[in-house]
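Colleague: There's a structure below that I have some questions on.
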Amino acid sequence: MNVLIFFTGLLALFYAMAHVSLSFRHWSMITGAALFVFTVMGGFSPGWGFLVWFLFLVPTLFLSIDQVRMRFLSTPLYHRIRKVLPPMSQTERDAIESGTVWWEGELFRGNPDWSKLLKFKKASLTAEEQAFIDGPVEELCAMIDDWDITHNRQDLPPEMWQFLKEHKFFGMIIPKKYGGLAFSATAHSEVVMKVAARSISVGVTVMVPNSLGPAELLQHYGTDQQKDYYLPRLADGREIPCFALTGPDAGSDAGSIPDTGIVCEDVFEGKKVLGLRLNWEKRYITLGPVATVLGLAFKAYDPDGLLGDQHDLGITCALIPVKTPGIEIGNRHFPLNAAFQNGPNRGKDVFIPMDYLIGGQEMMGKGWRMLVESLSAGRGISLPAVGAGAGKVSARVTGAYARVRKQFKTPVGRFEGVEEVLARIAGLSYFMDAGRLLTLSALDAGEKPSVVTAILKYHNTEKMRQVVNDSMDVHGGRGICMGPENYIGRAYQTLPVGITVEGANILTRSMIIFGQGAIRCHPYLVREMESAGSADPVQGTKDFDSALTGHMAYFTRNLFRAFMYSISGSHLAKSPVNGRVSQYYKRLSQMSAAFAVIADLSLMILGGAFKRKEKLSGRFADALGYMFYTSAILKKFEDDGRPRADLPVVEWSAKYCLDQVQIALDEILRNFPIKPIGLAIRFLVFPLGLSLRQPNDHLGQRVASILLKPGEARDRLTKGIYINEDIEDITGKLEVAMKTVIAADPIEKHLRALKKIKPDLMPYEDWLNELVSAGDLTDEEVALLLKSKALTREVIMVDDFEPGQLGGHEKMISDVA
């Protein structure tokens, strides 16, 4: 009985310590008092009493007496860290210090405050922004003929370029006082999503001027003169911008940019002025072949000391008219048959005055910080919108096609194998949109959450790849035969484009997300690093001890929290809502606490060596990313008014994410550098084993059914893409075919009930007319059946071409024949 009381009290103490933030001394006093009472009441035998008091007093006295702790723990650890702490390059420091810490900090620290999540403002559009979506954007989507753009022209038609300029599609982020639209991040995202879902070539063309580039950099860092001249011209399309960062020898490693700018004097417009002589070679520059003004990143040097004693001035950004002597725009790249303009450019001894530097001479050497600060926000808008749009259009057209297309007299969407794929398409589409919307709420609130935007860019482009691949599998031959009637092929072809730009996904996952997140989000790590690098060792030791003490308490609380949530099946965790979804808040709290413990332990043990453990870092990135998306899914459900029809896809997405978090943490512990510690932590954070599971088949069937029929859940899932019922447009025809086939289903079932089977050699229409004569069908029913059959045939047919019609190799074959 005494043992039961002791362990019950111990668990109660663990729970209290996990949730109540008191100092170490206060908790020591409370624990000591409880042990004293238990001892006086005869709860311990002499042997057990001595052991328990020994285990309590030794660490308590060691940690509570400042002089003892400083001498035997803080000071030795301080000197060790000071010795092994790796140097941080300026580009690394700029990347880590860029942006802000937002909701990801709550998840990282092991005790998310759900009230904060639910108080975040829902991403929404103003009346003006909605009118733009419903007007010019809708009109643009109706104009798009993607086959003509990508196959015939390899470019947007002239009237479309003019339309984009007239309606200021290139000026969405530019303030109104400069002639721009001054749209919110949400509106920017909605425009890109709708257009890119219709045509990736048009979407990228619209996206780039509003993403990381001249307009963004000028707004934040440009001089008044630069803003007054360039922003109005960029807003109305008189100037087409591009930004040249990547070159053959420097992609993700921006610190290795070989492009140079040498400070010198030369004649410019008839006057001798101070400036820079530039030499560069760039590639993969979107809009480069048609740009009129070139944004350029290079390394500035002052070997003659014209500006002072510093010779290596650092990465610098300039804005240069492409007609400046020495600039060669070069040829055009052809990225996976997409028609957006992209190509190389180079400069040989190009002289520019200091006025061409973005922000003027005082911003020389600050280019990398400018870029990463802008990227910390911009990375969360355009490419995630492309991913979400691809998910939405894949969900809509694949569900419709799977309902219309029949095999063995059954819609292919009813086959369990296809059902599984449809559920994944729907679940991941909801996943991508939820992450997009939560991030947009932060951006529109003025946050620049660099870790969150990296998570969003990585996962939305990766899940886009999964969803479009799944869509292609369901469409089969219908998807692989290119032509005007193929609505999925170009999206499939161009998948790698989003994967590789604005930070290649392998790099983003293995180095950036957790690499930045660990330092930015941890409540004590930065303080410990700063104190270890202090020029005053005495003060540094004191500051380090203070941070270390807080760090130990933080780790202990998370350890107790993870243990208690796990052994209770997360029932001891709190949820801000009731009902079915409350379990997912609780499970996420459990995973957050486990993540905090494992991350903390990994950082403490590996220290600076963690920087080279890219596989571990990638798994931590997975765990943090899926925790973010779980919270985004739950937030979207609340923001949408908790619609009951959406529950299946909400639950599927939440279960999927939580299982992925568990898998990532399990893989970290399986590959922990010190195996015994990994096993010990596994027991503490998962004492009952891995309890989370993937969505089951029944839930997947309910999710798939959402895509197979018209309904509010399907419409909400695909909200924001171009939807029409124009039978001259293949996607509009597919919408009409789906509704027609569903309307005809009861008639076909009636015929099967009557055991009416068409003779093999009789034409379908003749058979129907016989049934009318026999009184089994009405003329209206026959008309509906014929329409259903005709539309079904039209949407399942694929394009074919006459010999020589495609040109190139096909033309050669025709000539030989």
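Colleague: Among the numbered criteria (1) over 17 Å from ILE598 (Cα atoms); (2) part of a loop (DSSP other than H, G, I, E, B); (3) not aliphatic (A, V, I, L, M), which one does PRO648 miss?
Modeller: Status for PRO648: all satisfied but (2).
Matching residues to (1) outside any helix (DSSP H, G or I); (2) surrounded by fewer than 22 Cβ atoms within 10 Å (Cβ to Cβ):
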residue	(1), (2)
GLY413	no, no
LEU456	no, no
ARG465	no, yes
ASN469	no, yes
GLU485	yes, yes
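Colleague: Same structure, new question: Among GLY347, GLY360, GLY417, GLY380, which is the only one that is under 26 Å from LEU231 (Cα atoms), out of contact with any Leu (no Cβ under 8 Å at 6 or more places or on another chain) and among the small types (Gly, Ala, Ser)? If you could, list the steps in order and put the result at the bottom.
Modeller: Numbers: GLY347 fails: out of contact with any Leu (no Cβ under 8 Å at 6 or more places or on another chain); GLY417 fails: under 26 Å from LEU231 (Cα atoms); GLY380 fails: out of contact with any Leu (no Cβ under 8 Å at 6 or more places or on another chain).
Criteria check complete, one pass: GLY360.
Colleague: Going through PRO325, PRO353 one at a time, which residue ends up being out of contact with any Gly (no Cβ under 6 Å at 6 or more places or on another chain) and surrounded by fewer than 21 Cβ atoms within 10 Å (Cβ to Cβ)?
Modeller: Details: PRO353 fails: out of contact with any Gly (no Cβ under 6 Å at 6 or more places or on another chain).
Just a single option satisfies the conditions, and that option is PRO325.
Colleague: How about segment 241-265: which of its residues are open to solvent by 40 Å² or more (accessible area, probe 1.4 Å), of a type in the set (D, E, K, R) and in contact with a Lys or Arg (Cβ under 7 Å, 6 or more places away or on another chain)?
Modeller: Answer for segment 241-265, where residues must be open to solvent by 40 Å² or more (accessible area, probe 1.4 Å), of a type in the set (D, E, K, R) and in contact with a Lys or Arg (Cβ under 7 Å, 6 or more places away or on another chain): just GLU265.
Colleague: Among the residues of segment 739-751, are any more than 32 Å from the chain's Cα centre (by Cα), free of Cβ contacts under 8 Å to residues at least 40 places away in the same chain and over 25 Å from ARG414 (Cβ atoms)?
Modeller: First, pick out the residues of segment 739-751 that are more than 32 Å from the chain's Cα centre (by Cα): 739-751.
Subset that is free of Cβ contacts under 8 Å to residues at least 40 places away in the same chain: 739, 745-751.
Narrowing further to those that are over 25 Å from ARG414 (Cβ atoms): none.
No.
Colleague: Still on this structure, I have one more. Any residue at all in segment 394-409 that's polar (S, T, N, Q) and either open to solvent by 20 Å² or more (accessible area, probe 1.4 Å) or more than 21 Å from THR494 (Cβ to Cβ) (or both)? First the steps, then the outcome.
Modeller: Initial filter on segment 394-409 (polar (S, T, N, Q)): 394, 398, 407.
After this cut, where a residue has to be either open to solvent by 20 Å² or more (accessible area, probe 1.4 Å) or more than 21 Å from THR494 (Cβ to Cβ) (or both) as well, the list is 407.
Yes, some residue in segment 394-409 is polar (S, T, N, Q) and either open to solvent by 20 Å² or more (accessible area, probe 1.4 Å) or more than 21 Å from THR494 (Cβ to Cβ) (or both).
Colleague: Separate question: Please enumerate the residues belonging to segment 183-214 that are under 24 Å from THR718 (Cβ atoms), of a type in the set (S, T, N, Q) and not in a helix (DSSP H, G or I).
Modeller: Keep residues of segment 183-214 that are under 24 Å from THR718 (Cβ atoms), which gives 183-207, 210.
Imposing the further condition that a residue be of a type in the set (S, T, N, Q) reduces the set to 184, 186, 189, 199, 201, 205, 210.
Listed by number, the residues that qualify are SER184, SER199.
Colleague: Looking at ILE723, ILE757, can you tell me which residue is under 27 Å from ALA390 (Cβ atoms), of a type in the set (A, V, I, L, M), open to solvent by 20 Å² or more (accessible area, probe 1.4 Å) and in a loop (DSSP other than H, G, I, E, B)?
Modeller: Values: ILE757 fails: under 27 Å from ALA390 (Cβ atoms).
Of the residues listed, the single one that is under 27 Å from ALA390 (Cβ atoms), of a type in the set (A, V, I, L, M), open to solvent by 20 Å² or more (accessible area, probe 1.4 Å) and in a loop (DSSP other than H, G, I, E, B) is ILE723.
Colleague: Quick check on segment 420-428. Is at least one of its residues more than 18 Å from PRO710 (Cα to Cα) and either surrounded by 24 or more Cβ atoms within 10 Å (Cβ to Cβ) or free of Cβ contacts under 8 Å to residues at least 40 places away in the same chain (or both)?
Modeller: The answer is yes; a qualifying residue exists.
Colleague: Considering segment 671-702 alone, what residues qualify as being under 27 Å from the mean Cα position of the chain (by Cα) and free of Cβ contacts under 8 Å to residues at least 24 places away in the same chain?
Modeller: Of everything in segment 671-702, just one residue is under 27 Å from the mean Cα position of the chain (by Cα) and free of Cβ contacts under 8 Å to residues at least 24 places away in the same chain, namely ASN696.
Colleague: PRO289 is checked against (1) of a type outside the set (A, V, I, L, M, F, W, C); (2) touching a helix residue (DSSP H, G or I) at 6+ places or on another chain (Cβ under 8 Å); (3) buried (at least 17 other Cβ atoms within 10 Å of the Cβ); (4) within 30 Å of GLY483 (Cα to Cα) and fails just one. What number does that condition carry?
Modeller: Unmet condition: (2).
Colleague: Report yes if VAL293 is at pLDDT 95 or above and closer than 30 Å to VAL202 by Cβ, otherwise no. Spell out how you get there, then give the answer.
Modeller: Values: at pLDDT 95 or above: yes; closer than 30 Å to VAL202 by Cβ: yes.
Yes.
Colleague: If you don't mind, another one. How many residues are touching a residue at least 60 places away in the same chain (Cβ under 8 Å) and outside any loop (DSSP other than H, G, I, E, B) if we restrict to segment 779-805? Write out each step before concluding.
Modeller: Within segment 779-805, the subset touching a residue at least 60 places away in the same chain (Cβ under 8 Å) is 791-792, 794-801.
Checking which are outside any loop (DSSP other than H, G, I, E, B) leaves us with 791-792, 794-796.
Number satisfying all stated conditions: 5.
Colleague: Then there is this: Does GLU265 satisfy being at positive phi, charged (D, E, K, R) and more than 30 Å from the chain's Cα centre (by Cα)?
Modeller: Numbers: at positive phi: no; charged (D, E, K, R): yes; more than 30 Å from the chain's Cα centre (by Cα): yes.
Against the criterion (at positive phi, charged (D, E, K, R) and more than 30 Å from the chain's Cα centre (by Cα)), GLU265 does not qualify.
Colleague: Looking only at residues in segment 180-200 that are crowded, with 24+ Cβ neighbours inside 10 Å and β-branched (Val, Ile, Thr), which one is farthest from TRP147 (Cα to Cα)?
Modeller: Within segment 180-200, the match that is farthest from TRP147 (Cα to Cα) is VAL191.
Colleague: Then there's this: State yes or no: is GLY607 on the phi > 0 side of the Ramachandran plot, touching a residue at least 60 places away in the same chain (Cβ under 8 Å) and in a helix (DSSP H, G or I)? Explain how you work it out, then say what you get.
Modeller: Values: on the phi > 0 side of the Ramachandran plot: yes; touching a residue at least 60 places away in the same chain (Cβ under 8 Å): yes; in a helix (DSSP H, G or I): yes.
Yes: the conditions hold for GLY607.
Colleague: Here is a follow-up. What number of residues in segment 566-596 are in contact (Cβ under 8 Å) with a residue 60 or more places away in the chain and on the phi < 0 side of the Ramachandran plot?
Modeller: So the answer is 20.
Colleague: For segment 531-578, give me each residue that is assigned to a loop (DSSP other than H, G, I, E, B) and open to solvent by less than 50 Å² (accessible area, probe 1.4 Å).
Modeller: We begin by selecting, within segment 531-578, every residue assigned to a loop (DSSP other than H, G, I, E, B); these are 533-536, 568-578.
Selection gives SER534, SER568, GLY569, SER570, ALA573, SER575, VAL577.
The values are calculated or read from the model by the stated rules, or taken from the named source; none is laboratory data. Keep in mind that what you see is a predicted model, and the values were worked out from it rather than measured. Cβ sites come from the backbone with ideal geometry, for glycine too, and all protein chains shown count toward neighbours. Ligands, DNA and RNA are stripped out before the accessible areas are found, and what is left, the full protein with its side chains, is counted by its heavy atoms. Shrake-Rupley method; radii C 1.70, N 1.55, O 1.52, S 1.80 Å.
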